[in-house]
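To start, the structure under review is shown below, and the notes come after it.
The values are calculated or read from the model by the stated rules, or taken from the named source; none is laboratory data. If you're wondering where the values come from, they're calculated on a predicted model, not measured in any experiment. Methodologically, a virtual Cβ is constructed for each residue, glycine included, from the backbone with ideal geometry; neighbour enumeration extends over all protein chains shown. Only protein heavy atoms, including side chains, enter the accessible area calculation; ligands, DNA and RNA are left aside. Shrake-Rupley method; radii C 1.70, N 1.55, O 1.52, S 1.80 Å.
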Amino acid sequence: MAFQSTKTLILATRNPGKVEEITSILSGLHLTVKSLLDYPNLPEVVEDGQTLEENALKKAREIFRATAVPALSDDTGLEVFYLGMKPGVFSARYAGENVSYADNNRKLLAELKNVPINERRAQFRCVAAFIGKGVERTTHGVCPGRLLDEVRGSGGFGYDPLFVPDGYEETFAQLPGNVKNSISHRAMAFGQMETIIAEYFTHF
Ligand code: IMP
């Protein structure tokens with residue numbers, strides 16, 4: 001039977017790709033990690049903030065309020081230098097409301113049509129937020145790289161098939177999950193969160 005710690009944390013997301021990544025990044029803490037996939041009746045948190053930090057804090061605060069379980073969230077954006085750091089906080093709905101990852105990737109490819117490789121620099125920026133009893137903390141992570149002119153690979157999610165992190169020749173969708181989880185924006189932000197969460201659970 002899988003190990004079940006009495007120390008429980010809830011990830012304020014329904015994105016299975018994020019749940020897998022964050023659970024793997026935090027595995028050293030030996031917590032029971034739940035997510036909104038375990039709470040299908042909780043209402044969707046509206047991500048209407050103007051910054052990644054506002055959205056991350058809003059998601060974790062609302063889920064902590066609704067469940068009383070310490071909550072962890074992230075809000076992530078892809079910043080493309082050629083596009084003035086867009087789509088950023090609007091990355092999920094770059095091609096419109098209720099669009100697929102493939103729609104967003106197609107729109108990005110269209111915006112970067114004929115842009116040479118040396119001008120296709122981009123970075124993922126992640127803000128993680130942790131809300132517990134009397135505690136509100138945020139951490140940040142950035143992963144620099146470049147965008148290809150075609151999708152490659154089937155792993156990961158979102159813009160991963162277009163994004164090649166610095167130091168590699170393959171996209172995040174081609175690289176093994178453990179490589180993404182060791183160098184990504186999310187790995188950086190949640191790596192810093194580990195200490196904060198470990199300290200929190202020494203008190204509760
Ligand atoms: P969210 O609001 O943090 O869920 O993320 C906004 C959008 O950014 C998502 O819909 C994805 O398209 C994209 N995104 C977030 N994290 C990643 C990642 O690790 N790789 C690729 N795309 C991502």
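When residue 95 is evaluated against the numbered criteria (1) in contact with a Lys or Arg (Cβ under 7 Å, 6 or more places away or on another chain); (2) under 20 Å from residue 197 (Cβ atoms), which criterion, by number, is the only one it fails?
Going through (1) in contact with a Lys or Arg (Cβ under 7 Å, 6 or more places away or on another chain); (2) under 20 Å from residue 197 (Cβ atoms) one by one, residue 95 breaks only (2).
Return the residues of the stretch 55-67 that are farther than 13 Å from residue 39 by Cα and either over 17 Å from the mean Cα position of the chain (by Cα) or surrounded by fewer than 19 Cβ atoms within 10 Å (Cβ to Cβ) (or both); say none if nothing qualifies. Quick ask: steps written out before the conclusion?
Going through the stretch 55-67, the residues farther than 13 Å from residue 39 by Cα turn out to be 55-62, 65.
The answer is 61, 62, 65.
List the number of the failed condition for residue 115; all other conditions in (1) among the hydrophobic types (A, V, I, L, M, F, W, C); (2) within 21 Å of residue 138 (Cα to Cα); (3) away from the ligand (no atom under 11 Å from the Cβ) hold.
Residue 115 satisfies all of (1) among the hydrophobic types (A, V, I, L, M, F, W, C); (2) within 21 Å of residue 138 (Cα to Cα); (3) away from the ligand (no atom under 11 Å from the Cβ) except (2).
Considering only residues that are within 21 Å of residue 101 (Cβ to Cβ) and either in contact (Cβ under 8 Å) with a residue 40 or more places away in the chain or acidic (Asp, Glu) (or both), which ones fall in the stretch 167-182?
170, 177, 180, 181
What's the total number of residues in the stretch 112-127 that are surrounded by 15 or more Cβ atoms within 10 Å (Cβ to Cβ) and part of a helix (DSSP H, G or I)?
Total satisfying the criteria: 0.
Hey, could you check the stretch 165-204 for residues that are of a type in the set (Val, Ile, Thr) and in a loop (DSSP other than H, G, I, E, B) and say which is farthest from residue 68 (Cα to Cα)? Can you show your working first?
Step one: of the stretch 165-204, the residues of a type in the set (Val, Ile, Thr) are 171, 179, 183, 195-197, 202.
After this cut, where a residue has to be in a loop (DSSP other than H, G, I, E, B) as well, the list is 171, 202.
Details: 171: 38, 202: 18 Å.
Checked the stretch 165-204; the qualifying residue farthest from residue 68 (Cα to Cα) is 171.
What number of residues within the stretch 68-79 satisfy the criterion of being away from the ligand (no atom under 12 Å from the Cβ) and open to solvent by less than 10 Å² (accessible area, probe 1.4 Å)? Show your work before the answer.
From the stretch 68-79, those away from the ligand (no atom under 12 Å from the Cβ) are 68-72; that's our starting set.
Then drop every residue that is not open to solvent by less than 10 Å² (accessible area, probe 1.4 Å), which leaves 71-72.
So the count comes out to 2.
Got a sec? Which of 154, 184 is open to solvent by less than 10 Å² (accessible area, probe 1.4 Å) and small (Gly, Ala, Ser)?
Details: 154 fails: open to solvent by less than 10 Å² (accessible area, probe 1.4 Å).
From the options 154, 184, the qualifying one is 184.
With respect to the numbered conditions (1) within 16 Å of the ligand (Cβ to nearest atom); (2) free of Cβ contacts under 8 Å to residues at least 12 places away in the same chain, which one is the sole condition not fulfilled by residue 40?
Here residue 40 clears every test but (1).
Given (1) within 14 Å of the ligand (Cβ to nearest atom); (2) open to solvent by 50 Å² or more (accessible area, probe 1.4 Å); (3) at negative phi, identify the lone condition not met by residue 98.
With respect to (1) within 14 Å of the ligand (Cβ to nearest atom); (2) open to solvent by 50 Å² or more (accessible area, probe 1.4 Å); (3) at negative phi, residue 98 is out only on (3).
Sort out for me the strands (runs of 3 or more DSSP E) sitting completely within the stretch 6-93 that have 1 or more residues that are modelled with pLDDT under 95, in contact with a Pro (Cβ under 7 Å, 6 or more places away or on another chain) and closer than 21 Å to residue 164 by Cα.
Values: elements: 8-11, 32-35, 71-80, 86-88.
Answer list for the stretch 6-93: none.
Condition first: farther than 24 Å from residue 25 by Cβ, assigned to a helix (DSSP H, G or I) and away from the ligand (no atom under 13 Å from the Cβ). Can you find one or more residues in the stretch 128-150 that meet it?
No, because not a single residue in the stretch 128-150 is farther than 24 Å from residue 25 by Cβ, assigned to a helix (DSSP H, G or I) and away from the ligand (no atom under 13 Å from the Cβ).
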